[in-house]
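Down below is the structure, laid out as structure tokens.
The values are calculated or read from the model by the stated rules, or taken from the named source; none is laboratory data. Values in this document were obtained by computation on a predicted structure and should not be read as measured data. Positions of Cβ are backbone-derived with ideal geometry, glycine not excepted, and every protein chain shown enters the neighbour counts. Note: accessible area is taken over every heavy atom of the protein model, side chains too, but ligands, DNA and RNA are not part of it. Shrake-Rupley method; radii C 1.70, N 1.55, O 1.52, S 1.80 Å.
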Amino acid sequence: MSDAALYVPELGQLAMILALCFAVVQSFFPLVGAWRGDHKWMSLGQPAAWGQFFFLLIAFLCLTWSFMTDDFSVAYTASNSNSALPWFYKFSAVWGAHEGSLLLWALILAGWTFAVAIFSRQLPEEMLARVLAVMGMISIGFLLFLIETSNPFVRLLPQMPMDGRDLNPLLQDFGLIVHPPMLYMGYVGFSVAFAFAIAALLGGKLDAAWARWSRPWTLIAWAFLGAGIALGSWWAYYELGWGGWWFWDPVENASFMPWLLGTALIHSLAVTEKRGVFKNWTVLLAIAAFSLSLLGTFLVRSGVLTSVHAFAADPERGIFILVFLLVVVGASLTLFVLRAPGVKSKVGFTFWSKETLLLINNIILVVATAMVLLGTLYPLVLDSLTGAKLSVGPPYFNALFVPLMGILMLAMGVGVLTRWKSTPTQWLIKMIAPILIASAVLAGVGSLLYRDFNIAVLGLFFLCAWVLLASLRDIMDKTRHKGLLRGVRSLTRSYWGMQLGHLGMVFMAVGVVLVSQYSDERDLKMAPGDSLEMAGYRFVFEGAQHYEGPNYISDKGSVRIFEGEREIALLHPEKRLYVVQQMPMTEAGISAGFTRDLYVAMGEPLENGAWAIRVHIKPYVRWIWLGAFLTAFGGVLSAMDRRYRVKVTKKVKDALNTDKGKTAHV
């Protein structure tokens, strides 16, 4: 290693400090400039955002260099890497623990700020200055946290270890390479929606134009968060060996809650953009979604939770985040209270209107979020106040969450058919009646054809048919005067994104209910040559062979699966022991299919070459993740709508900058 390379960690430390300096400039000068109407001060926001991103990228590359070159003089590298670790896991180890993941968080936040500075130049100058200033303030909080309490560049000199402690074996997986960055893109992305809301409050312009500027950023963040949650679910399913895809784990809930509120937020933004109503709803949802992202950060890093997903961090760090959360929430709500009395919507609407159905949608999602929040925090509060230990598990969440989602799907079917402002009752009944009858018929036939009769499956089929038929009816209604092909091409990307999101919800609902109702599971002892007949499949265990990986030793089993006399799969479940940390891990063998998964996991070795074997048959489990990614893609498609890419003319921009009382239409 060259002499210059020895100082790479110090270069990373310096880059973080310089990024903090740029964040201070970004947060102060544009905000004061917007208040004073000073063009020069406002113009500092964009170069400051670029500088902050540049130096944080340098810091991240410096930490990556330490991992790739096995620089174990850096404490964080020594704790989370090993010379035998494959290069791609060395790269993912950069964010494999608290300090590095926080640096990635700060980099992604700077990346979002950089993107806003680049792609929002058409915004009124004062609005852009305020948005960048708010995002700069958020960056200051995280950079101070990073530099003061979670510095990833701390040295171990002069007593440098010869080798590292290795990356947590749970994280040595492809899913954990992509899951955290995707999740952070969503978490941090809600800071943009928050910044737009606060900037609109500061400027006193809660109009349709503000909602239109904010909406594509919110859609992208929401899509990233949904995809990140799906990747986490997929990882837990195949990596932990339990065969489950969701456990209502507190850390899982921490990412799920902002996604639920984000779903309400993108619908509320649509109403504010289209009709100029729900302004207070939209601002509060933007504040709440970002606040829950910060709360999730606190829960994961404070040490108050025990979870396979949580970082074992110093509780003092949690206090820093908690104080930061209280400052953000307190300041933003105080500003809202001061500005809210002046926010009034003069536009009216009747009960049977799209506005009403979207309001019902928001209420359901907020109630669902509150229910998850209560189930997540109540045991922690009870423990801190009384010392009593209480576990809130799936029975509580399922009993409350599932009915709420059923009501939401009912509202979705009606919502796509209603019109803005007012819908004639007779016309709506005429539209809904055949859909209602057809959904009931399809549900009855489907539940009778699919195995035994089950009331949950009957309800599922009815709701799915209801949403799908309502969507088809709406497409037909919108294209009936133009011809199908021409009419379909005339519909906007935003409309198709909405339809794709609803289709994804249907796929997820089918997967969740059918895998919950019809999963088969068997735990048994199997010696070489033993077989198991289960649900029309025959599983034959052929034994296990010893195998040595780059940083682990493994017993790799062989299980042949037959359907009748035809062999359909050969699975290799593993039981691994990671040498450095002496930590055992289960690698399931999975035969994936569109309508079912065949899942085999190895437990503990028994006498005479036998093993404890767990076998699952999971019907339609992949529809859960397919639905999640369809929904996320729907969000991206909506964000790509043409109207979000139309440049603002100088005339319109001047009007937005000068007109204080009217709603601007961009």
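Looking across 312, 340, one residue alone is open to solvent by 70 Å² or more (accessible area, probe 1.4 Å), hydrophobic (A, V, I, L, M, F, W, C) and either modelled with pLDDT under 75 or over 12 Å from residue 254 (Cβ atoms) (or both). It is 312. Candidates 440, 509, 465, 456: the one that is over 30 Å from residue 277 (Cα atoms), modelled with pLDDT of 85 or more, surrounded by fewer than 17 Cβ atoms within 10 Å (Cβ to Cβ) and within 30 Å of the chain's Cα centre (by Cα) is 456.
Counting only residues that are aliphatic (A, V, I, L, M), closer than 18 Å to residue 373 by Cβ and outside any helix (DSSP H, G or I), segment 388-445 holds 2 of them.
When 197, 227 are checked against the criterion of being hydrophobic (A, V, I, L, M, F, W, C), more than 21 Å from residue 78 (Cβ to Cβ), in contact with a Gly (Cβ under 9 Å, 6 or more places away or on another chain) and at pLDDT 90 or above, 227 stands alone in meeting it.
For segment 582-595, give me each residue that is open to solvent by 50 Å² or more (accessible area, probe 1.4 Å) and without any contact (Cβ under 8 Å) to a residue 60 or more places away in the chain. Working first, answer last.
So the first thing to find is which residues in segment 582-595 are open to solvent by 50 Å² or more (accessible area, probe 1.4 Å), and the list is 582-584, 592, 594-595.
Matches in segment 582-595: 582, 584, 592, 594, 595.
Looking across segment 206-232, the residues that are of a type in the set (D, E, K, R) and either in contact with a His (Cβ under 6 Å, 6 or more places away or on another chain) or surrounded by fewer than 24 Cβ atoms within 10 Å (Cβ to Cβ) (or both) come down to 207, 212.
Within segment 254-264, one or more residues are over 11 Å from the mean Cα position of the chain (by Cα) and small (Gly, Ala, Ser).
Working carefully through the options 271, 277, find the one that is over 20 Å from residue 116 (Cβ atoms), of a type in the set (Val, Ile, Thr) and part of a loop (DSSP other than H, G, I, E, B). Walk me through it before giving the result.
On the way: 271 fails: part of a loop (DSSP other than H, G, I, E, B).
Being over 20 Å from residue 116 (Cβ atoms), of a type in the set (Val, Ile, Thr) and part of a loop (DSSP other than H, G, I, E, B) holds for just one of 271, 277, which is 277.
Those residues that are of a type in the set (D, E, K, R) and without any contact (Cβ under 8 Å) to a residue 60 or more places away in the chain, I need them from segment 555-581; list them, please.
Pass one, segment 555-581, residues of a type in the set (D, E, K, R): 555-556, 560, 563, 565-567, 574-576.
555, 556, 560, 563, 565, 566, 567, 574, 575 - these are the residues of segment 555-581 that are of a type in the set (D, E, K, R) and without any contact (Cβ under 8 Å) to a residue 60 or more places away in the chain.
Can you spot a residue in segment 351-365 that is surrounded by 15 or more Cβ atoms within 10 Å (Cβ to Cβ), small (Gly, Ala, Ser) and not in a helix (DSSP H, G or I)? Yes, some residue in segment 351-365 is surrounded by 15 or more Cβ atoms within 10 Å (Cβ to Cβ), small (Gly, Ala, Ser) and not in a helix (DSSP H, G or I). For residue 201, the stated conditions do not hold, so it cannot be described as farther than 25 Å from residue 29 by Cα and either among the acidic types (Asp, Glu) or more than 19 Å from the chain's Cα centre (by Cα) (or both).
Cβ-Cβ distances below 8 Å connect the following pairs, each with a first residue in segment 464-492 that is without any contact (Cβ under 8 Å) to a residue 24 or more places away in the chain and over 29 Å from residue 447 (Cα atoms), a second residue that is open to solvent by 50 Å² or more (accessible area, probe 1.4 Å) and among the small types (Gly, Ala, Ser), and a separation of six or more residues or different chains: 479/490; 482/490. Here residue 120 clears all of (1) closer than 20 Å to residue 99 by Cβ; (2) out of contact with any Lys or Arg (no Cβ under 8 Å at 6 or more places or on another chain) except the condition numbered (1).
Number of residues in segment 528-554 that are closer than 14 Å to residue 603 by Cβ and out of contact with any Pro (no Cβ under 7 Å at 6 or more places or on another chain): the value is 1. Screening residue 405 against (1) closer than 25 Å to residue 247 by Cα; (2) open to solvent by less than 60 Å² (accessible area, probe 1.4 Å); (3) at pLDDT below 85 leaves a single unmet condition, (3). Among the residues in segment 555-566, are any touching a Lys or Arg at 6+ places or on another chain (Cβ under 9 Å), modelled with pLDDT under 90 and open to solvent by less than 60 Å² (accessible area, probe 1.4 Å)? So far as segment 555-566 goes, yes, one or more of its residues are touching a Lys or Arg at 6+ places or on another chain (Cβ under 9 Å), modelled with pLDDT under 90 and open to solvent by less than 60 Å² (accessible area, probe 1.4 Å).
Applying the criterion of being more than 21 Å from residue 9 (Cα to Cα) and not in a helix (DSSP H, G or I) to the residues of segment 165-187, the residue that is most open to solvent (accessible area, probe 1.4 Å) is 168.
Rundown of residues vs (1) within 27 Å of residue 45 (Cα to Cα); (2) outside any strand (DSSP E or B); (3) modelled with pLDDT of 90 or more; (4) more than 23 Å from the chain's Cα centre (by Cα), yes/no style:
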site	(1), (2), (3), (4)
129	yes, yes, yes, yes
140	yes, yes, yes, yes
143	yes, yes, yes, no
147	yes, yes, yes, yes
152	no, yes, yes, yes
157	no, yes, no, yes
163	no, yes, no, yes
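Using the structure shown, decide if residue 102 is of a type outside the set (Phe, Trp, Tyr) and buried (at least 19 other Cβ atoms within 10 Å of the Cβ). Criteria met by residue 102.
Within segment 237-257, the residues that satisfy the criterion of being touching a residue at least 40 places away in the same chain (Cβ under 8 Å), farther than 13 Å from residue 292 by Cα and open to solvent by less than 20 Å² (accessible area, probe 1.4 Å) are 237, 239, 241, 243. Within segment 476-488, the residues that satisfy the criterion of being under 34 Å from the mean Cα position of the chain (by Cα) and modelled with pLDDT under 80 are 487, 488.
Looking at segment 582-595, which of its residues are under 17 Å from residue 244 (Cα atoms) and either in a loop (DSSP other than H, G, I, E, B) or not polar (S, T, N, Q) (or both)? Can you show your working first?
Filtering segment 582-595 down to residues under 17 Å from residue 244 (Cα atoms) leaves 585-593, 595.
585, 587, 588, 589, 590, 592, 593, 595, listed by residue number.
Every residue, every condition in (1) modelled with pLDDT of 90 or more; (2) part of a helix (DSSP H, G or I); (3) aliphatic (A, V, I, L, M); (4) open to solvent by 40 Å² or more (accessible area, probe 1.4 Å), yes or no:
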| residue | (1), (2), (3), (4) |
| --- | --- |
| 569 | yes, no, yes, no |
| 577 | yes, no, yes, yes |
| 580 | no, no, yes, yes |
| 597 | yes, no, no, no |
| 601 | yes, no, yes, no |
| 613 | yes, no, yes, no |
| 624 | yes, yes, yes, no |
| 629 | yes, yes, no, yes |
| 636 | yes, yes, yes, yes |
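Quick check, is residue 389 of a type in the set (D, E, K, R), open to solvent by 60 Å² or more (accessible area, probe 1.4 Å) and farther than 30 Å from residue 249 by Cα? First the steps, then the outcome.
On the way: of a type in the set (D, E, K, R): yes; open to solvent by 60 Å² or more (accessible area, probe 1.4 Å): yes; farther than 30 Å from residue 249 by Cα: no.
The answer is no for residue 389.
The set of residues in segment 93-127 that are assigned to a helix (DSSP H, G or I) and among the hydroxyl-bearing types (Ser, Thr, Tyr) comprises 101, 113.
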